[in-house]
1. Once the dipole of region 93-203 is set up with Lys and Arg at +1 and Asp and Glu at -1 on Cβ about the Cα centre, which of V108, V173, L158 lies farthest towards its positive end?
2. For region 23-130, report the translational diffusion coefficient in µm²/s to the nearest whole number, using Stokes-Einstein at 37 °C, 0.692 mPa s, and a Kirkwood Rh over Cα pairs.
3. With all distinct Cα pairs included, what does the Kirkwood hydrodynamic radius of region 6-78 come out to in Å, to one decimal, could you say?
4. Need the list of lysines near K153 for cross-linking: C-alpha distance under 28 angstrom, and skip anything on the same chain fewer than eight residues off.
5. Just grab the label-to-label distance for M175 and W195, each label 7 Å out from Cα along the Cβ direction, in nm (one decimal).
6. Of the heavy-atom accessible surface of the chain (probe 1.4 angstrom), what whole percent is carbon and sulfur?
7. Using the beta-carbon distance between R80 and E162 and R0 = 45 Å, what value does 1/(1 + (r/R0)^6) give for FRET efficiency, to the nearest 0.05?
8. Between the DSSP loop rule and a limit of at most 15 other Cβ atoms within 10 Å, which GluC sites (Glu not before Pro) in region 5-54 are left?
Amino acid sequence: MDTGHVVLEHAEAEGERVCLRPISVGDAQACFDAVHGVPAITDWITWDGPESVAELEESYLNWHREPEDKDHYTFAIIERSSGAFAGSIGVWHRREQPLASLGYLVGVEFQGRGLASEAVRLATELGFWELGVLLMRADVFEGNQPSIRVLEKVGYRLDDVEEQTFEKNGVEVPMHEYSISRAVWERAPAGPHAWTTRVRKDA
(Lines give C-alpha, C1' and ligand atoms only; values in the text may rest on other atoms or scores of the structure.)
Protein backbone atom coordinates (compact mmCIF):
# COMPACT_ATOMS: atom_id res chain seq x y z
CA MET A 1 0.00 0.00 0.00
CA ASP A 2 1.25 3.49 -0.86
CA THR A 3 1.39 5.40 2.42
CA GLY A 4 3.31 8.41 1.15
CA HIS A 5 2.16 11.80 2.31
CA VAL A 6 0.66 13.92 -0.47
CA VAL A 7 2.10 17.42 -0.83
CA LEU A 8 0.64 19.82 -3.37
CA GLU A 9 3.27 21.59 -5.44
CA HIS A 10 0.61 23.52 -7.36
CA ALA A 11 -3.18 23.51 -7.45
CA GLU A 12 -5.84 25.57 -9.17
CA ALA A 13 -9.50 25.09 -9.98
CA GLU A 14 -12.11 26.69 -12.17
CA GLY A 15 -15.77 26.64 -11.20
CA GLU A 16 -18.88 28.28 -12.59
CA ARG A 17 -18.52 31.51 -10.59
CA VAL A 18 -15.02 31.42 -9.12
CA CYS A 19 -11.48 30.35 -9.82
CA LEU A 20 -9.20 29.25 -7.01
CA ARG A 21 -5.44 29.67 -7.41
CA PRO A 22 -2.48 29.86 -5.04
CA ILE A 23 -2.47 33.14 -3.12
CA SER A 24 0.42 35.45 -4.01
CA VAL A 25 2.11 38.64 -2.88
CA GLY A 26 0.18 40.46 -5.59
CA ASP A 27 -3.08 39.71 -3.74
CA ALA A 28 -2.00 41.47 -0.54
CA GLN A 29 -3.41 44.92 -1.30
CA ALA A 30 -6.79 43.57 -2.41
CA CYS A 31 -7.07 41.39 0.70
CA PHE A 32 -6.05 44.27 2.95
CA ASP A 33 -8.69 46.52 1.39
CA ALA A 34 -11.34 43.82 1.87
CA VAL A 35 -10.54 42.96 5.49
CA HIS A 36 -8.76 45.77 7.35
CA GLY A 37 -11.17 47.63 9.62
CA VAL A 38 -14.21 45.71 8.34
CA PRO A 39 -16.06 44.29 11.37
CA ALA A 40 -18.55 42.51 9.08
CA ILE A 41 -15.65 40.16 8.32
CA THR A 42 -13.26 40.33 11.27
CA ASP A 43 -16.01 39.82 13.86
CA TRP A 44 -16.62 36.34 12.42
CA ILE A 45 -13.10 34.98 11.93
CA THR A 46 -10.48 33.94 14.47
CA TRP A 47 -8.02 36.38 12.91
CA ASP A 48 -8.38 40.09 13.74
CA GLY A 49 -7.23 41.09 10.26
CA PRO A 50 -3.96 42.50 8.92
CA GLU A 51 -2.29 45.57 10.37
CA SER A 52 -0.54 46.37 7.09
CA VAL A 53 -0.21 45.31 3.47
CA ALA A 54 3.38 44.30 4.25
CA GLU A 55 2.10 41.79 6.83
CA LEU A 56 0.06 40.09 4.14
CA GLU A 57 2.86 40.24 1.60
CA GLU A 58 5.13 38.38 3.99
CA SER A 59 2.42 35.82 4.71
CA TYR A 60 1.75 35.28 0.99
CA LEU A 61 5.36 34.67 -0.01
CA ASN A 62 4.57 30.95 0.13
CA TRP A 63 1.07 29.65 -0.54
CA HIS A 64 2.07 26.31 1.03
CA ARG A 65 3.33 26.47 4.62
CA GLU A 66 4.13 23.71 7.09
CA PRO A 67 3.17 24.76 10.64
CA GLU A 68 3.69 22.01 13.21
CA ASP A 69 2.11 18.79 11.91
CA LYS A 70 0.02 20.34 9.13
CA ASP A 71 0.26 21.45 5.53
CA HIS A 72 -1.47 24.80 5.06
CA TYR A 73 -2.53 25.91 1.58
CA THR A 74 -4.09 29.33 0.94
CA PHE A 75 -6.00 30.11 -2.24
CA ALA A 76 -7.23 33.35 -3.71
CA ILE A 77 -10.92 33.34 -4.62
CA ILE A 78 -11.27 35.10 -7.98
CA GLU A 79 -14.68 36.10 -9.31
CA ARG A 80 -14.79 34.80 -12.87
CA SER A 81 -17.15 37.44 -14.26
CA SER A 82 -14.94 40.36 -13.21
CA GLY A 83 -11.52 38.80 -12.60
CA ALA A 84 -11.50 40.52 -9.20
CA PHE A 85 -10.02 39.18 -5.96
CA ALA A 86 -13.11 38.27 -3.93
CA GLY A 87 -11.53 36.63 -0.88
CA SER A 88 -9.43 33.71 0.26
CA ILE A 89 -9.84 30.14 1.45
CA GLY A 90 -7.35 28.05 3.39
CA VAL A 91 -7.05 24.28 3.71
CA TRP A 92 -5.14 22.71 6.63
CA HIS A 93 -4.19 19.08 5.99
CA ARG A 94 -3.24 17.15 9.13
CA ARG A 95 -0.39 14.86 8.12
CA GLU A 96 -0.93 12.03 10.58
CA GLN A 97 -4.73 11.97 10.24
CA PRO A 98 -7.11 11.58 7.27
CA LEU A 99 -8.54 14.99 8.13
CA ALA A 100 -8.46 18.51 6.73
CA SER A 101 -9.99 21.80 7.91
CA LEU A 102 -10.93 24.89 5.99
CA GLY A 103 -11.51 28.57 6.69
CA TYR A 104 -12.54 31.32 4.32
CA LEU A 105 -13.50 34.95 3.93
CA VAL A 106 -15.26 36.81 1.14
CA GLY A 107 -15.26 40.60 0.79
CA VAL A 108 -18.53 42.33 1.66
CA GLU A 109 -19.15 43.54 -1.89
CA PHE A 110 -18.87 39.96 -3.19
CA GLN A 111 -21.17 38.34 -0.65
CA GLY A 112 -24.58 36.97 -1.60
CA ARG A 113 -23.47 35.84 -5.07
CA GLY A 114 -22.79 32.18 -4.37
CA LEU A 115 -19.02 32.67 -4.48
CA ALA A 116 -18.34 31.38 -0.97
CA SER A 117 -20.36 28.19 -1.40
CA GLU A 118 -18.63 27.37 -4.66
CA ALA A 119 -15.20 28.06 -3.14
CA VAL A 120 -16.05 25.76 -0.21
CA ARG A 121 -17.27 23.06 -2.61
CA LEU A 122 -14.03 23.25 -4.59
CA ALA A 123 -11.88 23.22 -1.44
CA THR A 124 -13.82 20.21 -0.17
CA GLU A 125 -13.22 18.42 -3.46
CA LEU A 126 -9.51 19.19 -3.13
CA GLY A 127 -9.43 17.57 0.29
CA PHE A 128 -11.18 14.38 -0.77
CA TRP A 129 -9.79 13.80 -4.26
CA GLU A 130 -6.34 15.37 -4.18
CA LEU A 131 -5.27 15.09 -0.54
CA GLY A 132 -7.09 11.82 0.07
CA VAL A 133 -8.67 12.76 3.39
CA LEU A 134 -11.77 11.10 4.81
CA LEU A 135 -13.24 14.08 6.68
CA MET A 136 -13.43 17.81 5.97
CA ARG A 137 -14.38 20.17 8.77
CA ALA A 138 -14.89 23.87 9.50
CA ASP A 139 -15.44 25.89 12.68
CA VAL A 140 -18.06 28.64 12.80
CA PHE A 141 -18.77 31.25 15.47
CA GLU A 142 -22.24 31.02 16.96
CA GLY A 143 -24.52 33.47 15.21
CA ASN A 144 -22.68 33.44 11.90
CA GLN A 145 -25.74 32.33 9.97
CA PRO A 146 -24.46 33.29 6.48
CA SER A 147 -21.40 31.04 6.92
CA ILE A 148 -23.53 28.22 8.32
CA ARG A 149 -25.79 28.46 5.24
CA VAL A 150 -22.73 28.28 2.98
CA LEU A 151 -21.51 25.10 4.67
CA GLU A 152 -24.94 23.47 4.76
CA LYS A 153 -25.45 24.23 1.07
CA VAL A 154 -22.31 22.22 0.31
CA GLY A 155 -23.44 19.34 2.57
CA TYR A 156 -21.65 20.06 5.85
CA ARG A 157 -23.62 19.31 9.00
CA LEU A 158 -23.29 20.30 12.64
CA ASP A 159 -21.29 17.76 14.63
CA ASP A 160 -22.73 16.46 17.87
CA VAL A 161 -19.66 17.34 19.90
CA GLU A 162 -19.00 19.34 23.03
CA GLU A 163 -19.30 23.06 22.35
CA GLN A 164 -16.00 24.88 21.97
CA THR A 165 -15.21 28.51 22.73
CA PHE A 166 -12.73 30.93 21.26
CA GLU A 167 -11.47 34.10 22.91
CA LYS A 168 -12.29 37.02 20.63
CA ASN A 169 -11.56 40.57 21.80
CA GLY A 170 -11.44 39.38 25.39
CA VAL A 171 -14.77 37.53 25.20
CA GLU A 172 -15.30 33.77 25.06
CA VAL A 173 -17.38 33.18 21.93
CA PRO A 174 -19.13 29.82 21.34
CA MET A 175 -17.85 27.99 18.26
CA HIS A 176 -19.47 25.08 16.45
CA GLU A 177 -17.88 22.40 14.29
CA TYR A 178 -19.36 21.43 10.93
CA SER A 179 -18.10 18.54 8.85
CA ILE A 180 -18.71 16.28 5.88
CA SER A 181 -17.30 12.79 5.33
CA ARG A 182 -15.96 11.45 2.09
CA ALA A 183 -18.64 8.74 2.16
CA VAL A 184 -21.40 11.37 2.25
CA TRP A 185 -19.66 13.45 -0.42
CA GLU A 186 -19.40 10.47 -2.75
CA ARG A 187 -23.17 9.85 -2.50
CA ALA A 188 -23.93 13.39 -3.72
CA PRO A 189 -24.49 14.05 -7.45
CA ALA A 190 -21.01 14.26 -8.96
CA GLY A 191 -19.92 17.39 -10.78
CA PRO A 192 -16.94 17.77 -13.10
CA HIS A 193 -13.56 17.30 -11.45
CA ALA A 194 -12.32 20.88 -11.37
CA TRP A 195 -8.78 20.72 -9.99
CA THR A 196 -5.50 20.83 -11.88
CA THR A 197 -2.66 19.85 -9.55
CA ARG A 198 0.95 18.82 -9.29
CA VAL A 199 1.73 16.63 -6.30
CA ARG A 200 4.61 14.76 -4.75
CA LYS A 201 4.64 11.94 -2.25
CA ASP A 202 6.81 12.23 0.85
CA ALA A 203 7.60 9.05 2.73
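The values are calculated or read from the model by the stated rules, or taken from the named source; none is laboratory data. Not measured: the values here are computed from a predicted model. Heads up, the Cβs are rebuilt from the backbone with ideal geometry, glycines too, and the neighbour counts pull from every protein chain shown. Heads up: the accessible areas ignore ligands, DNA and RNA and are worked out on the full protein's heavy atoms, side chains in. Shrake-Rupley method; radii C 1.70, N 1.55, O 1.52, S 1.80 Å.
1. The one lying farthest along the dipole's positive direction is V108.
2. In µm²/s, the coefficient is 227.
3. For region 6-78, inverting the mean 1/r across all distinct Cα pairs yields 13.5 Å.
4. K70, K168
5. So the label points at M175 and W195 sit 2.4 nm apart.
6. Values: 5180 of 10630 Å².
Answer for the chain is 49 percent, counting heavy atoms of protein chains only.
7. That gives a FRET efficiency of 0.65.
8. For GluC sites (Glu not before Pro) across region 5-54 that sit outside H, G, I, E and B with at most 15 neighbouring Cβ atoms in 10 Å, the list reads E16, E51.
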